[in-house]
Amino acid sequence: MEKRNGCCFSSVSSSAILPSVAFVIILIFVRVLHVIYCSGRPLNKRASKPVSTLIILGSGGHTAEMLNLLAVLQKDRFYPRFYIAAATDNMSLQKALLLENSLASESGTDVANTAQFMKIYRSREVGQSYITSVWTTLIATMHALWLMIKIRPEVVLGIRWSSIFYVESIARVRRLSLSGLLLYKLWMADQLFVQWPQLKQQYPRATYVGRLISVNECYSIFFKKIKEDVIELIRIVLVETRTISLSE
């Protein structure tokens, strides 16, 4: 009798899970089709009104590239600005806050009126296995959807309730990153910028207008990142050594 009840419970669970999975897949598919359709349409003509802008920051050199891009952005046209960085990224939002503070001091405005700073779960950490990253990617996706619904940006720097202007990293010399490749193949980005002419030849619909940072700046950022990692590693070793000594 117990075995029969267990079989019934298993069949009921399977019959409940399968429709839910199918519904989620169909919902994602419809959303992707909507994004592809809307991304090819021009923005409404709102030349006199500011547009809310979502700015996605990476770690290391990616943040430096984005800040260089923001330096030439029309600040009175693109605001409020929403900065998003990974929850484990301790530097990017601080750099963005410094930029916004300098802009606020120049214009005499309050940062709270022009910018907001948020963190998002990272889908995959460096060195994380692909098996465990499936769960973290699902969590990050749900968090990203919630933030998009909450912010509802009209421009995304980094699908369409907004226009997407994607700037590929300068580290991508021969091929696009996975994010860039998906946006390119699915026609989801309004404009996709690359920083190397050979990428323009390989991906004709991309736009090449030069580099955001020079090669010397790339080396400087690279070595600075190595220095930060070494300092963090030394700090961890010292903390562990102190903990072991205290326990003894």
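Of all the residues that make up the range 88-111, how many are among the charged types (D, E, K, R) and at pLDDT 85 or above? Residues flagged as among the charged types (D, E, K, R) and at pLDDT 85 or above within the range 88-111 amount to 2. Confirm whether Met118 is outside the structural domain of Leu69 (by the TED database) and under 14 Å from the mean Cα position of the chain (by Cα). No: the conditions fail for Met118. Starting from residues that are modelled with pLDDT of 85 or more and hydrophobic (A, V, I, L, M, F, W, C), keep the ones in the range 112-134 and report whichever is nearest to Lys75 (Cα to Cα). Among those that are modelled with pLDDT of 85 or more and hydrophobic (A, V, I, L, M, F, W, C), it is Ala115. In the range 113-122, of all residues being open to solvent by 50 Å² or more (accessible area, probe 1.4 Å) and not hydrophobic (A, V, I, L, M, F, W, C), the one that is nearest to Ala144 (Cα to Cα) corresponds to Tyr121. Selection of the range 162-179 for residues being within 26 Å of Tyr79 (Cβ to Cβ), out of contact with any Phe, Trp or Tyr (no Cβ under 6 Å at 6 or more places or on another chain) and not hydroxyl-bearing (Ser, Thr, Tyr) yields Ile164, Phe165, Glu168. From the list Glu125, Glu106, the one residue that fits, being outside any helix (DSSP H, G or I) and out of contact with any helix residue (DSSP H, G or I) (no Cβ under 7 Å at 6 or more places or on another chain), is Glu125. Which one is nearest to His62 (Cα to Cα), of the residues in the range 83-98 that are open to solvent by less than 40 Å² (accessible area, probe 1.4 Å) and either not in a loop (DSSP other than H, G, I, E, B) or not assigned by the TED database to the domain that holds Leu57 (or both)? Of everything passing the filter in the range 83-98, Ser92 is nearest to His62 (Cα to Cα). Each residue in the range 179-210 was checked for being charged (D, E, K, R) and surrounded by 16 or more Cβ atoms within 10 Å (Cβ to Cβ), and 2 pass. Taken over the range 53-82, the criterion of being open to solvent by 50 Å² or more (accessible area, probe 1.4 Å) and either at positive phi or assigned to a strand (DSSP E or B) (or both) is satisfied by Ile56, Tyr79.
The values are calculated or read from the model by the stated rules, or taken from the named source; none is laboratory data. Everything numeric in this text was worked out from a predicted model, so none of it was measured. Virtual Cβ from ideal backbone geometry, glycine too; neighbours counted across all protein chains shown. Ligands, DNA and RNA are stripped out before the accessible areas are found, and what is left, the full protein with its side chains, is counted by its heavy atoms. Shrake-Rupley method; radii C 1.70, N 1.55, O 1.52, S 1.80 Å.
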